[in-house]
Each structure stands twice: as C-alpha cells, then as structure tokens.
1. So in the range 429-456, with the set limited to residues that are buried (at least 21 other Cβ atoms within 10 Å of the Cβ) and among the aromatic types (Phe, Trp, Tyr), which one is farthest from ARG335 (Cα to Cα)?
2. Considering only residues that are among the basic types (Lys, Arg) and more than 30 Å from ALA281 (Cβ to Cβ), which ones fall in the range 357-410?
3. So for the range 391-407 (the condition being over 30 Å from the mean Cα position of the chain (by Cα), surrounded by 22 or more Cβ atoms within 10 Å (Cβ to Cβ) and part of a loop (DSSP other than H, G, I, E, B)), does at least one residue qualify?
4. Give GLN231, GLN211 a once-over and let me know the one that is surrounded by fewer than 20 Cβ atoms within 10 Å (Cβ to Cβ) and touching a Cys at 6+ places or on another chain (Cβ under 7 Å).
5. Going through the range 234-252 one residue at a time, which ones are farther than 25 Å from VAL179 by Cβ and buried (at least 17 other Cβ atoms within 10 Å of the Cβ)?
6. Tell me which of these GLU128 doesn't satisfy, since it passes every other one: (1) out of contact with any helix residue (DSSP H, G or I) (no Cβ under 8 Å at 6 or more places or on another chain); (2) modelled with pLDDT of 90 or more.
7. Keeping to the range 516-542, report how many residues are without any contact (Cβ under 8 Å) to a residue 40 or more places away in the chain, among the hydrophobic types (A, V, I, L, M, F, W, C) and surrounded by fewer than 19 Cβ atoms within 10 Å (Cβ to Cβ).
8. Report whether or not LEU471 is within 25 Å of LEU325 (Cα to Cα), among the aliphatic types (A, V, I, L, M) and touching a Leu at 6+ places or on another chain (Cβ under 7 Å).
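The values are calculated or read from the model by the stated rules, or taken from the named source; none is laboratory data. All values reported here derive from a predicted model rather than from experimental measurement. We place every Cβ from the backbone using ideal geometry, glycine too, and count neighbours over all the protein chains shown.
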Amino acid sequence: MKAKFTLLAWFMRRCILQPGRTVTNQLAGRGRRFPPPEDLPARKLCPSKDMEGECPQEANGSHPEQREERPPTSDLAVDAGSCADPVKTGETVITEGKAKIIFPSANEVFYNPVQEFNRDLTCAVITEFIRLQLSAKGIQIAVPGEEKVEKVVVDLSEGEEAGPEPAPDGEGAAQTAAVGDVCKEGVRILEALAASGLRSIRFAKEVPGLQAVVANDFSSKAVELMARNVQFNGVGHLVTSSLADARMLMYQQKAEKHPFDIIDLDPYGSPATFLDAAVQAVSEGGLLCVTCTDMAVMAGNSGETCYSKYGAMSIKGKFCHEMALRIILHSLDLRANCYQRYIVPLLSVSADFYIRVFVRVFTGQATVKASASKQALVYNCVGCGTHHFQRLGKMTSHGSNFKYSAASGPPVGPSCEHCHQRHQLGGPMWAEPLHDPAFVQRVLSALGSNPGRFGTQDRIQGVLSMVTEELSDVPLYYTLDCLSSTIHCNTPSLLQFRSALLHAGYRVSLSHACKNAIKTDAPPSILWDIMRCWERLHPVKRERLSDTSPAFHILSVEPTYGLGLPRESGRHLARCHLCCWWEAAGRRRGLGGRTLDQHVRPLGSRPGSATGLQCGWVMSHRASVSPFVKQ
C-alpha cells in the first residue's frame, strides 16, 4: 500500500510540472485507475514559478525557449498514456526557416545543419519557378516581405515588358496565391526521400502557389516522425506523408497520368537509381531538383563506379567539382532522351561536400536529336593538366533544317603538345551552359527585394552572383596553383593573370566551384605563354628539372606573348564581377566523417550598387604595359 501511495504522489507531481495533464493516471502495470482526491478536482494545472528549475525539459538538456515554441495543448483532459504534449521526453525541437521539427535526440541522422543552404536555395528557386508557372495562368504569388518592393523587382528586369499593375479589389482583381493556402491551379511537389519532412514543411510554410506536397519515405519510422511534424506545424492541408518506394511511387504517378510539377531528390549518396523514374514522373516543363553527395565517386576516385551509376568516367583534376555537375547533367539528359525528353538547366551549384542541380524537363523529338552534340569527352593531360574537348555529335544548319552527324576527331595527338605526356579520357559530360542567366537573375532580384528571408541568404546571393558572372560557354577551368606547380614557380596573383588574358584579347571569369579558378576562352598555348613570361620574372632553377618533366618541356619553349601587347591608356576593361564580400575561409571542419574543403563566408555587401550584391569590379589598365613585361 505504501508503494502505491508513493507512485500516486509521483504521478501528481508530474502533472503539476507538466501543464496540460490531469491527475487522472493509470498505474503502470495495473488495470485500474486511481481517482483524484476529493479536494483536488480534475483540471489542468499550471507549474508554479518556484518549480521552473525542476522542469523535465531543462533536466534533459533542452533549451528552455523550446517550451515556448510548442503549440498550445488541447483543452480536453487526457490521460498520461495519451500524447497531450507532441514533444516526448528525450526529443528536441529544431527551428529552420518557419518550420519547427521534432527530432529524436538519439538519432541525429535525420537532420544535417550544413544542408540549410541547400534547403534555402531550393525554396528560393522553387518560388521563382512557381512565379513563372502561375503568371502564365494569370495568378500572382504573395511572398511575405515582397509587397512593399514589388515594383523594384519589375524595374530590375531589363529586356522584359513590365507586367500589368495589380487591379484593385473587386471583379477585376487578379487572383493571388498566398503562403499556406491551397491553390487549385498551383503546383504539386514530391519530396521523394523526405526523412523528417523538414523540406516539405518548409515548402508549405514559405512557398506560395502550392496545390499539394507529397512527402515520401521508405522507412516507417521516418514516415511516423514526418506525420507528427506535419501535425506539429499545422500544414496537414498541404502536406501528405507517404510510405512507399520512391521509384514505384513516381512510376505509378506516371502511369496514372498525374505527374508532379516539381520533384526533389536529396538522397544519402547517389541519386542514380531514382533518375529514370524522375524524368518520367515530372510534368511537361516541370522542375527536377537533384542532389549528389557521392563526390568521392564523381570527383575521380572511382571512375568505374561513376560510369556504372552515371554513364560517364570521372577523372581527377582541379576541375573535378564542375565536371561532377556536368556528369550529373549528362546522366539526366541521357535518361530523358530514352523517352523523347530533354533537359534545360536552370541552375547548377557545387557547395561544400555535394552538388545541386535544377533542371526543367521538356518533350520534343527534334530537340532530342541534338543531344549528342551537347555531350563531350575530355582529354586531360596527366602532366600539365591541359584539357581539350571532343563533342560526341555534330549539328549543322541548312537554312531552317538541321543535319546531325558524327563528330570528327580527336582534337589532340598521341601525347600532349606542351609537356609530351599522355592523356586521360573522361566523360561523356554535359558541354552546354550550366545555368540560365535570366532565371538566376530573377532569383537574385527576388532575394534582393526581400532581405532576411532565409538564414543563409547572404551566401546564396554571393554564390548566385558568381554564377551570373561565369563564362557560360567555357566548360571547366584552370587553377593558378596548378599552373604554377607544373613549372615549379611562384603563383601569380589573380589580378595579374586576368590582366594578361584581357590584354591578349580573351575573356576571363572566375568560378563559384573553386576560389582560385580561371575560366577563359583562351587556348592552352596562351596560358602557358603567360606562365613562361611570369617565370622569366621569377626564374626557377633549371638544373633541378628532369629532362622528362613537364616543367622542362614547357620552359624550354621561348615565350611569344608579352612583347607586342597593346598599350592601354585610361581604358577600362571590364571583366566578370567579383563579389568583394565573398571570402573563402581556409579552415576545415569535420562533419559526420566528411570535411568541408570550401566554406564560404559572406563579409557584407558593398553599398551603392544597384542590387547591393555585386561590387562591379572594373579592371583599370592605366599602366602602359602588361604586368608580365619586364620594365
């Protein structure tokens, strides 16, 4: 009897500490209930102020602010066996964007904080995609924070006619889709591998113009957690949890002729097994969002594995991150071609330990015929890193008609013309532009008109600014440290090297995929001539060079560049803008057994620019000679 009263006292104390519970409890291991004492009616009790320090949430190490984030409990009295409080003991609530997600603290695999940039970028891209889709139907979208600066976004879109002014409320008022509302003409989104459902819930709470969001996973525990999070955030009218194989779900939707407008694939590892179903299940002109985290495979460590998954051989090189983007685009286009479909890339980003691509999928037999001419093999020299491209097909125009034929090659000889070393053959890869500059600029304009919308907005603006400045028709890039290490000399500055290329009459830009990358349409012979001129100013010890080394063969050729350079007096040669507030930190930090080789940290925007995003650097060549010409 004493033990029973002790247990009853423990139950009463627990109800006092946890509001929303009553003193009516079922004794553990017993079949009967203990009625409350006569002087204590069954009602909700609030914790007293002097007991706040004994709150179970604080005892478990949870932040005290998380208790305020929970939704109010029901007014109905519930038993201790039911779940009046959605957050169980030992769980934690994580807030990202406008979503609050319950996570089991013992299983951290459900949440990756580094991917917040990925999710923020996805929300920004999807918002602009929906804006384009619904504007064709006469529907406007209302994004919180954009109402006051709506005209600014329109004015920044050069070359496009301004849309009609919003009509006043009444019969002529345009239909508006708001965040959190069901839009009958809106888009259907599938998150094929949803895990906790964080991404889908963020779509429902941050992206307007949605008809439905399907959050699917193959794990029953994940779907159970997902359903709780959907209810916890109050988005059950938009988000539906699904327990199914992602491939079978997409094949089923395709068979039922009920495709998704947007499909998001973000697996743990390779998305290769889902690509075939995804290119079929997406609607005409729909959006595919694909993440690849198997960068070890795509960056050249296992070329045979890359070929088995993506149909392309990856090779090691300083350009491996951009080549990984082009390999996944090649794989998507190859799978789409089987069904008379083709892709149009909107945005392709390499960040941290993964890559992320956004492509639209269309149907057209005539365009599919040109797909072979969009792919290329890569001849990469193992000695000096010089690379050349071999298109798989050739397309020639005869008036309004096109003729398709096999390409002629190879573009190189048996050995490298610069260092006499052998070539590696990689690919095929996507050789067309990685981005749609007009679409990326729309995303940038929307972000500039809505500051503070995302937690990683500064970094998104920095990356997208770099993307808009890249040379779209130049595949891959060189790095200054690789060029310098080949001939064993000091590394010139980026400004000096760019200045020399511009003096020679070639275009040059940076790359978002590598901090010291150079993208240029100059042939490799010009690059090595510039390095020879630089070596004359900073000579290396020739006696230490082997007769068979790449450095010996390259430096044994006399430079022909720099003697007849045009003199620039007061002329400003513009190059692609470099965001001066974008700094690549040199630190490396571990994350789940991985390392982040590139962690970009924004330093703040430059005031006075049109969008507040770009510095608009202009190279001034008032110096009368090139920096590589000895005075």
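1. By that ranking, first place goes to PHE454.
2. Residues of the range 357-410 that are among the basic types (Lys, Arg), as a first pass: 360, 369, 374, 391, 394, 403.
Residues satisfying the conditions are ARG391, LYS394, LYS403.
3. no
4. Working: GLN231 fails: touching a Cys at 6+ places or on another chain (Cβ under 7 Å).
On inspection, the qualifying residue turns out to be GLN211.
5. We begin by selecting, within the range 234-252, every residue farther than 25 Å from VAL179 by Cβ; these are 243-252.
Scanning the range 234-252 gives ALA246, ARG247, LEU249, MET250.
6. All conditions are met except number (1).
7. Number of matching residues: 1.
8. Working: within 25 Å of LEU325 (Cα to Cα): yes; among the aliphatic types (A, V, I, L, M): yes; touching a Leu at 6+ places or on another chain (Cβ under 7 Å): no.
No.
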